[in-house]
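Colleague: What follows is a structure written as structure tokens; I'll ask about it next.
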Amino acid sequence: MPDRQSPSTESRLTIGFLRRGYSPTGGVEAYLKGLAEGLNREGHRVILLGTKEWPVEEWPGGEILRCKGKNLSDYSAEVARQKSFSGVRFDLILSVEKVPGCDIYRTDEGLHAAWLAQRAHYISAWARLFQRISPKHREKLRLEKELFTPSATRRVISLSHKISGEICSLYGYPKSQVSIIRNGVPSRSVTTPWERSLARRELGIPENEKVVLFVGTGWERKGLCFAIRAVESLKDPNVRLLVAGKGPTKRYASPSVRFLGGVVKMAMVYDAADIFLFPTLFDPFPLATLEALSAGLPVITTSANGVSEIMTPGIHGEVIAEPSDIGALRTALSRWIANLEVPATSTQIRFTCSALASEFTLERNLRETLAVIRQVISERNES
């Protein structure tokens, strides 16, 4: 991002960010840090209202107000206490947690009600019963319902048209108070053959192996079981599924899979891969999918992935309607593996995918988010 002049004292904002918990490889954490760094460069003050897990050195500016976070209700109450008694005058609160009373809520996780409805199609009758009576789910649904009322939340930032529609239809939240702002990623160049070979040597991957990449935690929701079955169905010993992210590896063990665990610096992993496979059941607009496109990887995903809204099937990969459709996933994998075996075609695919991702930069995200922040502040001052 280009340097800018610091704003005047009158226009300098103090913005509180709400995030419960911390994962060093989490996409939400990466997004919040990127946004906070951009706001810092613009001269604004950013303060995290976070739980004990977030390392102070990992938050831009280092200002963290620690909040108890045993559960979402405790965290919500602690945020209210900090806002009242910390001595900090916040111009605006931006949250990625389902905490009523924030100025702007960003739907990184999507709607819990919509996720539970989708999940119900893939679990047993007993699991569906437990889902309905689970105190954890009931708490989230209660807070979500309270959150999506105009008096509780001034503005919602949605990551996809699908999520926006669900917010309005399930909770009656005004469409006029929903802004769509896609995730953004840092600009990067397309992986060169030399970088690919170097990354593969570092990771111990043979040159002739076709690497299908899956990235993320929360493997049930992101459809890892379907990704594994699709790769296994190819019955090709030269095709390997590489999984980056933490999860119950024993449950998903397969000769076709190699687990990398949590990876902090993902660039090398993207460099080593050929295709990004992400048959998710529910995901608003995952950073990993956009990062894969930015690295030049064609993406095979589902219509439940918000990134599918910006993709052109057959150009940037494939969009499958049903994550459990192993036949469709296998056909898509076979087609794109064959496409990538032609050098000229492979080069064109990589540049086309990277060009799409280059439209969704951190700079664009910051610009659009700042516009919403200023609009909310202006509307509040006028009311």
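Each value in this text was obtained by applying a stated rule to the coordinates, not by laboratory testing. In this text the structure is predicted, and so the values were computed from the model without any measurement. Don't worry about glycine lacking a Cβ; one is built from the backbone with ideal geometry, like all the others, and counts go over all protein chains shown.
Colleague: Apply the Karplus curve 6.51 cos²θ - 1.76 cosθ + 1.60, θ = phi - 60°, to the phi angles in segment 186-191 and return the couplings in whole Hz, x for Gly and Pro.
Modeller: My calculation for segment 186-191 gives x, 5, 8, 7, 5, 4 Hz in order.
Colleague: What are the ³J(HN,Hα) values, in whole Hz, obtained from phi via the Karplus relation 6.51 cos²θ - 1.76 cosθ + 1.60 with θ = phi - 60°, for each residue of segment 97-102 in sequence order, with x given for Gly and Pro?
Modeller: 10, 7, 10, x, x, 8
Colleague: Among GLY165, GLY87, GLY296, which one shows the highest mean-square fluctuation when the chain is modelled as a Gaussian network with alpha-carbon springs under 10 Å?
Modeller: Of the options given, GLY87 has the highest mean-square fluctuation.
Colleague: Another one. Could you give the spread of the C-alpha atoms of segment 193-357 along their three principal axes, from largest to smallest, in whole angstroms?
Modeller: 35, 33, 31
Colleague: Note the full-extension length gain between GLU139 and ILE123 as 0.36 nm times their separation in residues minus their Cα-Cα distance, in nm to one decimal.
Modeller: Extending this stretch completely gives an extra 3.7 nm.
Colleague: Turning to a different aspect of this structure: With a cap of 14 neighbouring Cβ atoms within 10 Å, and only residues DSSP puts in a loop, list the GluC sites (Glu not before Pro) found in segment 340-383.
Modeller: Details: sites: GLU341, GLU359, GLU363, GLU368, GLU379, GLU382; in loops: GLU341, GLU359.
Sites meeting the loop and neighbour criteria: GLU341, GLU359.
Colleague: I've got another one for you. Helix 135-147 versus the longest principal axis of the chain: what is the Cα-based angle in degrees, 0 to 90, to the nearest 10?
Modeller: Tilt relative to the chain: about 60 degrees.
Colleague: Can you tell which of ILE133, GLN82, TYR105 lies farthest toward the positive end of the dipole of the chain, using +1 and -1 charges on the Cβ of basic and acidic side chains (Lys, Arg; Asp, Glu)?
Modeller: In the chain, that residue is ILE133.
Colleague: Hey, another quick one. How big is the gap, in Å, between the Cα center of segment 64-88 and the Cα center of segment 112-175?
Modeller: 23
Colleague: Let me ask something additional. Would you please give the residues with an amide H less than 5 Å from that of LEU65, counting only those at least 5 places away or on a separate chain, with H modeled from the backbone geometry?
Modeller: LEU48, LEU49, GLY50
Colleague: Additional query: Can you put LYS175, LYS33 in order of Cβ neighbours within 10 angstrom, beginning with the fewest?
Modeller: LYS175, LYS33
Colleague: Placing unit charges on C-beta atoms (Lys and Arg positive, Asp and Glu negative, everything else neutral), compute the dipole magnitude of the chain about its Cα centre in debye, rounded to 20.
Modeller: The dipole of the chain has a size of about 1020 debye.
Colleague: Suppose a student asked you for the relative contact order of segment 193-357, using Cα pairs under 8 Å spaced at least 6 residues apart; what percent would you report?
Modeller: Relative CO of segment 193-357 lands at 23 percent.
Colleague: Per residue of segment 42-53, in order, report the coupling 6.51 cos²θ - 1.76 cosθ + 1.60 (Karplus, θ = phi - 60°) as ³J(HN,Hα) in whole Hz, putting x for Gly and Pro.
Modeller: In residue order, the calculated couplings are 7, x, 8, 9, 10, 10, 8, 9, x, 7, 5, 5 Hz.
Colleague: Taking the chain as a Gaussian network, where each spring joins two C-alpha atoms under 10 Å apart, which residue of ILE64, ILE123, ILE310 fluctuates the most?
Modeller: In this elastic network of the chain, the residue with the biggest mean-square fluctuation among ILE64, ILE123, ILE310 is ILE123.
Colleague: Which lysines does LYS68 reach when only Cα atoms under 22 Å apart count, and residues fewer than 8 places away in its own chain are ignored?
Modeller: Candidates past the 8-residue exclusion: LYS33, LYS52, LYS83, LYS98, LYS136, LYS140.
Colleague: Counting pairs of alpha carbon atoms under 8 Å apart in space and at least six apart in sequence, what relative contact order in percent does the chain give?
Modeller: Relative contact order here is 15 percent.
Colleague: Once you have the Cα-Cα distance between ASP91 and GLU58, take 0.36 nm times their residue separation minus that, and quote the gain in nm to one decimal.
Modeller: Length gained, ASP91 through GLU58: 9.6 nm.
Colleague: Highest GNM mean-square fluctuation, the chain, Cα pairs closer than 10 Å: which of PHE278, PHE214, PHE85?
Modeller: Per the Cα network of the chain with a 10 Å cutoff, PHE85 tops the list.
Colleague: Just to confirm my numbers, what's the Cα centroid distance between segment 200-251 and segment 261-314 in Å?
Modeller: Distance between centres, Cα-based: 13 Å.
Colleague: I'd like to know which of TRP336, PRO186, ILE47 lies farthest towards the positive end of the charge dipole of the chain, counting +1 on Cβ of Lys and Arg and -1 on Cβ of Asp and Glu.
Modeller: Farthest towards the positive end: ILE47.
Colleague: Additional query: Can you give the FRET efficiency for SER73 and ARG41, using 1/(1 + (r/R0)^6), R0 = 35 Å, r = Cβ-Cβ distance, to the nearest 0.05? Don't skip to the answer; put the middle values down first.
Modeller: On the way: r = 35 Å, r/R0 = 1.01.
The computed FRET efficiency comes out at 0.50.
Colleague: For GLN177 paired with THR352, estimate the spin-label separation in nm (one decimal), with each label point 7 Å from Cα along the Cα-to-Cβ line.
Modeller: 4.2
Colleague: Expected output is a single nm value to one decimal: the length gained when fully extending between ASN339 and SER378, i.e. 0.36 nm times separation in residues minus the C-alpha distance. What is it? Provide the component values of the computation, followed by the final result.
Modeller: Working: separation 39, 0.36 × 39 = 14.04 nm, distance 5.13 nm.
That pair, ASN339 and SER378, stretches by 8.9 nm at full extension.
Colleague: So, one more: Could you name the lysines whose alpha carbon sits less than 26 Å from that of LYS210, not counting residues in the same chain fewer than 8 places away?
Modeller: Counting by Cα, and skipping residues close in sequence, LYS210 has these lysines nearby: LYS222, LYS235, LYS246, LYS250, LYS265.
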